[in-house]
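Report on one structure; see the data block that follows.
The values are calculated or read from the model by the stated rules, or taken from the named source; none is laboratory data. Not measured: the values here are computed from a predicted model. When we count neighbours, we look across all protein chains shown, and the Cβ atoms used for this are built from the backbone with ideal geometry, even at glycine. Areas reflect the complete protein model, heavy atoms only, side chains present, ligands, DNA and RNA absent. Shrake-Rupley method; radii C 1.70, N 1.55, O 1.52, S 1.80 Å.
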Amino acid sequence: MSKALELAKELLKVLNEENAAKKNIEQYQLSTLEPEEVFKVGEHDFIVLEQMEGQTAVISKEFMAKGKKFDEDTRDYNTSAIRKFIESEIQPVIEAAVGSENLVEHEVELTSVDMQKEINNCKCKVRLITFDEARKYNDLIADKNIGDWWWTCTPWSTKERGWEYSLAVVCPSGGIKYNYYNYGFGVRPVCILKSNIFVSKGGEK
């Protein structure tokens, strides 16, 4: 037997073992996972935030991008550079793992922290967390090991009130403050998935 044939057979054996291992990974319907449980979206861990009727709100456990500016000129998520980045670079990764048909388009309120409605709401499938969600799910999203602050899509206030450049951001321990849109922070995408899909569990929260 030639050396090339031996190598080919060895490679085939390894591939078959890997495929067998993948088939043996236990699958769970997403609807059966509790808030705080971690599951896989491709190579990335996601945390269940909330189970709704036929849908599940989730957020990435780690950053899917680091050091990203919100924008150079605006704190309006609708037209921001960070929205374009999420929808062009992160959303396709999630779609490839779960199927684009299983991502739910939804409306996001962009009311400021002090309840001003200067910026219009937006519709999207994958996005940044809001200030209200960061408060609501704070115990689930806090992670002192994450290593940096990360963005919300919520303005801190309005231009009229003297906050033209600021958005709410979240620190690793879960605290929320403001920072300027041209700083570089982490991106933890949020999305709503159809809860009848099957997933494998990830690491611990």
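Tabulated results
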| quantity | calculated |
| --- | --- |
| Residues located in region 38-49, provided they are open to solvent by 40 Å² or more (accessible area, probe 1.4 Å) and in contact with an Asp or Glu (Cβ under 6 Å, 6 or more places away or on another chain) | none |
| Per-region count, region 89-116, residues touching a Lys or Arg at 6+ places or on another chain (Cβ under 6 Å) and open to solvent by 90 Å² or more (accessible area, probe 1.4 Å) | 2 |
| Complete set of residues in region 122-139 that are of a type in the set (A, V, I, L, M, F, W, C) and open to solvent by 10 Å² or more (accessible area, probe 1.4 Å) | Phe131 |
| Neighbours by Cβ (under 8 Å, 6+ apart or cross-chain): first from region 164-187, closer than 17 Å to Ile119 by Cβ; second among the polar types (S, T, N, Q) and open to solvent by 20 Å² or more (accessible area, probe 1.4 Å) | Tyr165/Asn182; Ser166/Asn179; Leu167/Asn179; Val169/Asn179; Tyr181/Thr74 |
| Options Ile119, Ile86, Ile82: the member that is surrounded by 18 or more Cβ atoms within 10 Å (Cβ to Cβ), in contact with a strand residue (DSSP E or B) (Cβ under 9 Å, 6 or more places away or on another chain), within 17 Å of Tyr181 (Cβ to Cβ) and free of Cβ contacts under 8 Å to residues at least 60 places away in the same chain | Ile119 |
| Strands (runs of 3 or more DSSP E) contained in region 140-205 and holding at least 2 residues surrounded by fewer than 16 Cβ atoms within 10 Å (Cβ to Cβ) | 176-180 |
| Hits in region 133-163 - residues which are of a type in the set (S, T, N, Q) and farther than 13 Å from Glu118 by Cα | Asn138, Asn145, Thr152 |
| Extreme residue, nearest to Leu103 (Cα to Cα), among residues of region 114-125 that are among the hydrophobic types (A, V, I, L, M, F, W, C) and not in a loop (DSSP other than H, G, I, E, B) | Cys124 |
| Filter result (within 22 Å of Ala81 (Cα to Cα) and in contact with a Pro (Cβ under 9 Å, 6 or more places away or on another chain)) within region 142-163 | Asp148, Trp149, Trp150, Trp163 |
| Tally of residues being among the charged types (D, E, K, R) and assigned to a strand (DSSP E or B) across region 126-139 | 1 |
| Restricting region 50-79 to residues that are under 13 Å from the mean Cα position of the chain (by Cα) and open to solvent by 60 Å² or more (accessible area, probe 1.4 Å), the residue that is nearest to Ile141 (Cα to Cα) | Glu62 |
